[in-house]
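The values are calculated or read from the model by the stated rules, or taken from the named source; none is laboratory data. This one's a predicted model, so the numbers in the text were calculated from it and none came from an experiment. Note: ideal-geometry Cβ built from the backbone for every residue, glycine included; neighbour counts use all protein chains shown. Note: areas computed on protein heavy atoms with side chains; ligands, DNA, RNA excluded. Shrake-Rupley method; radii C 1.70, N 1.55, O 1.52, S 1.80 Å.
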Amino acid sequence: MSNPANAAEAFSAFQAHAQESEYAKIKTALLRFTVPGWSKRYPLEKRSSSQVMAKALHFLETISLQQLQGALQVQAEVFEKMAVSESNRRVFKSYLRKFLSWCEEQGWFDEATTRSLPNEIASQVPAKVAVQLNRFQSPKGVHKPLAKDLKLSGVPKKVNYALGTVAGDVINTRLAHQLDRLFQFMQQTLGLRPSTRENYRERLLQLLGWFHRYQGVPLDELCLESIVPVVKLKARMADCFKEDGSPDHNKFAIETILAAEGAMQPAQQTDHRLRQYLDFLNGSLSAKLKVLQACINTAKYLYSEQTSDPKQYQDVPMILLTRKLTRSLRQCEGKVAPRIPFEVKSVPWERCYEVVLQLKQEADTVVLYQVAPRRTGGIAASPRKETGIARSYLRFLLAALFVLIPPDRARTIRELELGRTLVWGCLQGGVILPPERTQTPSAARWWLHLQPQDYKTGDAYQTYWGELPNTDFGDGTYFYDYLDRWVTIYRPLFQPNHHRLLVKRNGEPLSRNGMNQSFRQCFFRLTGVPVTPKELRPMYVTYLRHKQANEAVLDAAACAMHHSRAMQNEIYDRQQLLDKQEPIHAFNQRLMTQAASTTRP
């Protein structure tokens, strides 16, 4: 029997070997409950007509044998979309597995898989072992390099010193209560977003850890006043009366002067300690500014009941001195070379597409292959665990969501919520509607729906709708295939109790540090450069400039990235000096060519 070229031919060959009653069940399992997952056309009727089944059988001609190997995953997606009962799921899953097992017995999957392996490895693959190259193991005894171990700035990595990161750390009751109240103050009074509040909280815990480990403050004495001492800002007339009960204006004047002097001295001491900590931190300008702003927010909270200027806090010396230090640091911005040059922490944008495709291949890998000298044939193959495949899907989606569309800010992608900021629906009359409320549910797409509080520049650009395209990968698979499987099959494996799209292994929402580390590690492993999500925005704009994208494309990119064209030009365009000079060199060459042609005899 010659090997089939596609799934339709394999199913036709299977018909000659199957019993009639069993064939009918397997046909239903494949055509009604699997093909819609590939075609994205889900039947609405309880029973499929012969015409619908004929179209599904014809569609199978477009499915390769390699795609057919993942049919069980596709079927599980269809079960979810069509809300199939558990009993029917078990029945039709078992029938589909019979067909796939028969194909595997014929050795068809072996050949389909082997064709995707390097030639020197494919020649060693034994018959009837469906395997793929194992890219996930390092040689025994070799430490796998990790992006988190790198410090591109050349500054040695500090040991953990933040409060709560070292065994034995205990946040005392008073400090815990203060941090909770400060968190509420930043939300209700200062109007800061959750991610911003959490960032400032991390900075304060680092500063408190420095006070404990390097300044000798005991754990049970740590409090917000360790950072910002609270003193009396001004005198109270109610405390300045003579013995006869009349106001003592002289005493009030003296008390006012003494209060001002008494407030300035602790403020100067705080300023000195902050400068010491910034020298210890030895971080980027951005990191230093965040520390200072966290201290200013803390001072606003601690002095909120004493200040007579609740908007600007101009009567709090500590805030004034910290703002002065902030201004002095900002004056250095642009005058000092960045600690890590852009070229060191970025790659050409084309490499980003390569990373996405490599991560996609890892997500497609359902069987691991490795050399095993003690095994017959010297090769061992084993199916991957579902949780392992799920983590590969997460890494792929994490990269794809930044690369397949103009890269958004990391916080926007990290906080995507199913049904709120990531919506499945149809565009009709300028409105996104649920598929079931439209006449063409098969036209549904994934959309980004961002309210002003969901992204950094939301106050300026307000509500945003943007399509998440169903990118064609050129091998018969599409981006929606992976996103749908993640939502319906793999994400539930981690048992999340929230609606965030991206989750950690324990089911909790993916954190800022978790996202950065995972993203950096993927790029470091595949390109040798630990690229962070933050670098993708200037990389993309620089790429558009290098490719001489027209104004319409640049306008569309600015819209999708939620910034102005001015910011696009000033902040994100890192086009190299030599690239920017290329047009004038070409222009001069044209002038020389014209001059030479006119003077030539």
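Here are some notes:
- Pick from segment 427-445, criterion of a type outside the set (A, V, I, L, M) and in contact (Cβ under 8 Å) with a residue 12 or more places away in the chain, ranking: least open to solvent (accessible area, probe 1.4 Å): THR438
- Residue that is nearest to the chain's Cα centre (by Cα) [pool: residues in segment 309-325 that are touching a residue at least 60 places away in the same chain (Cβ under 8 Å) and either farther than 13 Å from VAL230 by Cβ or assigned to a loop (DSSP other than H, G, I, E, B) (or both)]: VAL316
- Among the residues of segment 264-307, the one identified as open to solvent by less than 30 Å² (accessible area, probe 1.4 Å), closer than 19 Å to GLU202 by Cβ and not in a helix (DSSP H, G or I) is GLY283.
- Failed criterion for LEU536 (all others in (1) open to solvent by less than 50 Å² (accessible area, probe 1.4 Å); (2) modelled with pLDDT of 90 or more; (3) more than 19 Å from ILE405 (Cα to Cα) hold): (3)
- Positions within segment 453-477 being open to solvent by 20 Å² or more (accessible area, probe 1.4 Å), over 20 Å from LEU427 (Cα atoms) and of a type outside the set (S, T, N, Q), in sequence order: LYS456, ASP459, ALA460, TYR461, ASP472, PHE473, GLY474, ASP475, GLY476
- In segment 446-491, the residues that are of a type in the set (Phe, Trp, Tyr) and either touching a residue at least 60 places away in the same chain (Cβ under 8 Å) or within 27 Å of VAL74 (Cα to Cα) (or both): TRP446, TRP447, TYR455, TYR461, TYR464, PHE473, TYR478, PHE479, TYR480, TYR482, TRP486, TYR490
- Considering segment 6-17, and only residues there that are in contact (Cβ under 8 Å) with a residue 40 or more places away in the chain and assigned to a loop (DSSP other than H, G, I, E, B), the residue that is farthest from GLN67 (Cα to Cα) turns out to be HIS17.
- Filter result for ALA552 (over 18 Å from the mean Cα position of the chain (by Cα) and open to solvent by less than 40 Å² (accessible area, probe 1.4 Å)): no
- Of all residues making up segment 187-228, the number that are in a loop (DSSP other than H, G, I, E, B), within 25 Å of GLN312 (Cβ to Cβ), touching a helix residue (DSSP H, G or I) at 6+ places or on another chain (Cβ under 9 Å) and not basic (Lys, Arg): 4
- Selection from segment 308-344 of residues that are among the basic types (Lys, Arg), modelled with pLDDT of 85 or more and surrounded by 10 or more Cβ atoms within 10 Å (Cβ to Cβ): ARG323, LYS324, ARG330
- Within segment 346-390, being surrounded by fewer than 19 Cβ atoms within 10 Å (Cβ to Cβ), polar (S, T, N, Q) and either at pLDDT below 70 or not in a helix (DSSP H, G or I) (or both) holds for GLN370, THR376, SER382.
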